[in-house]
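For reference, the structure is listed below as structure tokens.
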Amino acid sequence: MSGETTVRHEKGSWHFDGVLHVLGERPATQHNRYEIAPFSEGARSTHWSSSNAALGTLAGRFVLAGDAILSFYASPTGRYRGYECIQRHDERRYSVRGAMMDEDKVVSTWALELTAA
């Protein structure tokens, strides 16, 4: 895998744009765009929404948990749901684990090691 992300902090909103290139037997490219509500003073969680060409709109929540960010999300109808844990090891390295479901069927799981360029 390879990918690129861009984060913009604006007053009242953070914008995260990402592209993920999956290599191998079934190559694919996934684009995600998130709008994140900045954390309020002292808050341990915040809301986000995203648009994805394959899934449509998703709404979720980021929760701070020690050295990790937990993310929970769902589509407006609840058909698609998912969970992700992003754990920070140091300034440049993160581990990501996640799962996505279509109703009660697991459609995707992932385990990634991320390194900043």
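The values are calculated or read from the model by the stated rules, or taken from the named source; none is laboratory data. Predicted, not measured: the structure shown is a model, and the values here were computed from it. Here Cβ is always computed from backbone atoms with ideal geometry, including for glycine, and neighbour counts include all displayed protein chains. Side chains included, ligands, DNA and RNA excluded: accessible areas come from the protein's heavy atoms. Shrake-Rupley method; radii C 1.70, N 1.55, O 1.52, S 1.80 Å.
Tell me whether the chain comes out rounded, prolate or oblate; compute the Cα gyration tensor, take square roots of the eigenvalues as a ≥ b ≥ c, and use a/c under 1.5 as the rounded threshold. Mind dumping the intermediate values first?
Working: a/c = 1.42, a/b = 1.14, b/c = 1.24.
Rounded is the answer for the chain, as its axis ratio a/c remains below 1.5.
Placing unit charges on each Cβ (+1 for Lys and Arg, -1 for Asp and Glu) gives the chain a dipole about its Cα centre, and among Leu114, Trp48, Gly3 the Cα reaching farthest toward its positive end belongs to Trp48. Comparing Arg88, Arg79, Arg26 in a Gaussian network model of the chain where C-alpha atoms under 10 Å apart are linked, the largest mean-square fluctuation is found at Arg26.
Post the alpha-carbon centroid distance, the range 52-77 to the range 13-35, in whole angstrom. Taking the Cα centre of each part, the range 52-77 and the range 13-35 sit 14 Å apart. The largest accessible area among His31, His89 belongs to the first residue in His31, His89, and the rest follow in falling order (1.4 Å probe, all chains). About the centre of its Cα atoms, the chain shows a dipole size close to 120 debye [charges on the beta carbon of Lys, Arg (+1) and Asp, Glu (-1) only; nearest 20 debye].
In what order, largest first, do Arg33, Arg61, Arg81, Arg93 sit by accessible area if the probe radius is 1.4 Å?
Of Arg33, Arg61, Arg81, Arg93, the descending order of accessible area is Arg33, Arg93, Arg61, Arg81.
Taking a ≥ b ≥ c as the square roots of the Cα gyration tensor eigenvalues, the range 49-90 comes out prolate, since a/c reaches at least 1.5 and a/b is larger than b/c.
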